[in-house]
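In what follows, a structure is listed as structure tokens, so that the remarks can point back to it.
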Amino acid sequence: MGNPVVLFRLMLLTLLSLMPLPGYTQANIEIDTPAIASLKQSMQQRHNQLEPYYAKGAIGLTRDGLVAMHDATALPLSARQPVNALIAAENQDRNALYREIARANSHPEWEADIRSIFGQRWIELARSGWWYQNASGSWVRK
């Protein structure tokens with residue numbers, strides 16, 4: 001399977017390097033500010049905690065670049081609240097990341113486009129067996 005930290009870094013680097021914004025001057029998706037660096041680090045650390053829940057099918061990737069509970073019954077009752085807290089923290093960082101990238105490019109209006117592109121790329125980079133939402137919002141197993 002490989003080291004989850006290395007995998008996450010590779011996924012994030014690939015994601016950040018392949019994202020032109022249609023209809024716009026290309027955004028600098030690799031832009032780095034202290035806020036963006038901090039968000040990436042936080043997300044990378046949390047990924048190690050989330051990964052087993054992706055693998056179990058309990059959580060999945062949404063089409064709008066977030067993480068959501070896919071199947072709570074895949075978790076013991078005692079794990080549901082902690083997993084929901086992880087999801088909330090991850091989504092807070094993801095929302096902040098999209099906003100910060102748009103802001104750092106001096107185009108806060110690009111946030112929705114950045115979010116959409118991240119959503120597509122996260123799904124493309126997801127491992128086989130992970131769940132994601134397709135364009136219509138239905139859950140699909142990769």
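Is it fair to say residue 62 is under 20 Å from residue 140 (Cβ atoms) and of a type in the set (Val, Ile, Thr)? Can you show your working first?
Numbers: under 20 Å from residue 140 (Cβ atoms): yes; of a type in the set (Val, Ile, Thr): yes.
Here the answer is yes, as residue 62 does meet what is asked.
If you go through segment 55-64, how many residues are farther than 11 Å from residue 86 by Cβ and modelled with pLDDT of 95 or more? Give the steps one after another, and end with the answer.
To start, the set of residues in segment 55-64 that are farther than 11 Å from residue 86 by Cβ comprises 55-57, 60-64.
Still in the running and modelled with pLDDT of 95 or more: 55-57, 60-62.
The number of residues fulfilling the criteria is 6.
If you check 90, 100, which single one turns out to be modelled with pLDDT of 95 or more, within 14 Å of residue 29 (Cα to Cα), out of contact with any Phe, Trp or Tyr (no Cβ under 9 Å at 6 or more places or on another chain) and part of a helix (DSSP H, G or I)? So that I can check it myself, show each step before the final result.
Details: 90 fails: within 14 Å of residue 29 (Cα to Cα).
Unique residue meeting the criteria: 100.
Which residues, counting only those in segment 119-128, are touching a residue at least 60 places away in the same chain (Cβ under 8 Å) and either under 15 Å from residue 68 (Cβ atoms) or loosely packed, with under 15 Cβ neighbours inside 10 Å (or both)?
Of the residues in segment 119-128, the ones touching a residue at least 60 places away in the same chain (Cβ under 8 Å) are 121-123, 125-127.
Once the filter is applied, which keeps residues that are touching a residue at least 60 places away in the same chain (Cβ under 8 Å) and either under 15 Å from residue 68 (Cβ atoms) or loosely packed, with under 15 Cβ neighbours inside 10 Å (or both), segment 119-128 yields 122, 123, 126, 127.
Give segment 51-74 a look and list any residue that's among the hydroxyl-bearing types (Ser, Thr, Tyr) and either outside any helix (DSSP H, G or I) or more than 18 Å from residue 119 (Cα to Cα) (or both), or say none. Step through it out loud before you land on a result.
Pass one, segment 51-74, residues among the hydroxyl-bearing types (Ser, Thr, Tyr): 53-54, 62, 73.
Matches in segment 51-74: 53, 62, 73.
Residue under question is residue 100, and the condition is that it be closer than 18 Å to residue 8 by Cβ, open to solvent by 30 Å² or more (accessible area, probe 1.4 Å) and of a type in the set (D, E, K, R); does it hold? Don't jump to the end; show me each part of the working.
Details: closer than 18 Å to residue 8 by Cβ: no; open to solvent by 30 Å² or more (accessible area, probe 1.4 Å): yes; of a type in the set (D, E, K, R): yes.
Against the criterion (closer than 18 Å to residue 8 by Cβ, open to solvent by 30 Å² or more (accessible area, probe 1.4 Å) and of a type in the set (D, E, K, R)), residue 100 does not qualify.
Just to be sure, is residue 139 modelled with pLDDT of 90 or more, of a type in the set (A, V, I, L, M, F, W, C), over 22 Å from residue 72 (Cβ atoms) and over 11 Å from the mean Cα position of the chain (by Cα)?
It is false that residue 139 is modelled with pLDDT of 90 or more, of a type in the set (A, V, I, L, M, F, W, C), over 22 Å from residue 72 (Cβ atoms) and over 11 Å from the mean Cα position of the chain (by Cα).
Looking at segment 48-71, I want the residues that are closer than 17 Å to residue 93 by Cα and of a type in the set (A, V, I, L, M, F, W, C) and have a partner that is open to solvent by 60 Å² or more (accessible area, probe 1.4 Å) and not in a strand (DSSP E or B) with Cβ atoms under 7 Å, at least 6 apart or on another chain. Which pairs are those?
Sorted first by the residue in segment 48-71, then by its partner, the pairs are 69/84.
Which residue out of 106, 116 is at pLDDT below 95, surrounded by fewer than 19 Cβ atoms within 10 Å (Cβ to Cβ) and under 16 Å from the mean Cα position of the chain (by Cα)? Steps first, please.
Numbers: 106 fails: under 16 Å from the mean Cα position of the chain (by Cα).
Answer to the selection: 116.
Report every pair of residues separated by at least 6 positions or lying on different chains whose Cβ atoms are under 7 Å apart, first residue within segment 75-101 and more than 17 Å from residue 115 (Cβ to Cβ), second among the aliphatic types (A, V, I, L, M) and open to solvent by 20 Å² or more (accessible area, probe 1.4 Å).
80/72; 84/69
Quick check: anything in segment 129-141 in a helix (DSSP H, G or I) and loosely packed, with under 15 Cβ neighbours inside 10 Å?
Step one: list which residues in segment 129-141 are in a helix (DSSP H, G or I), which gives none.
No.
The values are calculated or read from the model by the stated rules, or taken from the named source; none is laboratory data. No experiment lies behind these values; they were computed from the predicted model shown. No Cβ is skipped: glycine too gets one built from the backbone with ideal geometry, and neighbour counts run over all protein chains shown. The protein model used for the area step is the full one, side chains on, heavy atoms only, and it has no ligands, DNA or RNA in it. Shrake-Rupley method; radii C 1.70, N 1.55, O 1.52, S 1.80 Å.
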